[in-house]
Amino acid sequence: MDKNKTKNKLTPEQYRVMREKGTEAPFSGKLLHEKREGTFKCAACGNPLFSSGAKFDSGTGWPSFDQALPDAVEFKKDNDGGIERTEVVCAKCESHLGHVFDDGPKDTTGKRHCVNSVCLKFEEKK
Ligand SMILES: [Zn+2]
């Protein structure tokens, strides 16, 4: 974790999720129902992570994306709690974002990037 690349100050909730791999409460995120056209960026460093076109309603209570922008995120094996999952982190500052699962939309990638809303900042397309 290179904290020097993290420009923006994190709220306690962002710190808990992005630095300590926490999870926000489902259906609590501000960006869950964001439907405008634009880009979802890393809340810590501003790295563009997901486009609005990749967002879909998974019904899980967390913002879900079928794919990330090219080279925007990295994947890590995560065995916390004895469950094998794949962690999604920001490729630039390595902040924890969420996890990726294989139950995404079958007509596109089949992947569901389940991302905590607090890890994201939305920038509307102008
Ligand atoms: Zn970042």
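Of the numbered conditions (1) at pLDDT below 95; (2) farther than 23 Å from residue 12 by Cα, residue 80 fails exactly one; give the number of that condition. For residue 80, the failing item is (2). Taking the numbered list (1) more than 11 Å from the chain's Cα centre (by Cα); (2) surrounded by 16 or more Cβ atoms within 10 Å (Cβ to Cβ) in turn, residue 113 passes all entries but (1). Condition check: of a type in the set (Asp, Glu), surrounded by fewer than 18 Cβ atoms within 10 Å (Cβ to Cβ), out of contact with any strand residue (DSSP E or B) (no Cβ under 8 Å at 6 or more places or on another chain) and at positive phi. Does residue 80 satisfy that? So residue 80 fails the test.
The values are calculated or read from the model by the stated rules, or taken from the named source; none is laboratory data. Note that the structure is predicted; figures quoted are calculated from it, not measured. When we count neighbours, we look across all protein chains shown, and the Cβ atoms used for this are built from the backbone with ideal geometry, even at glycine.
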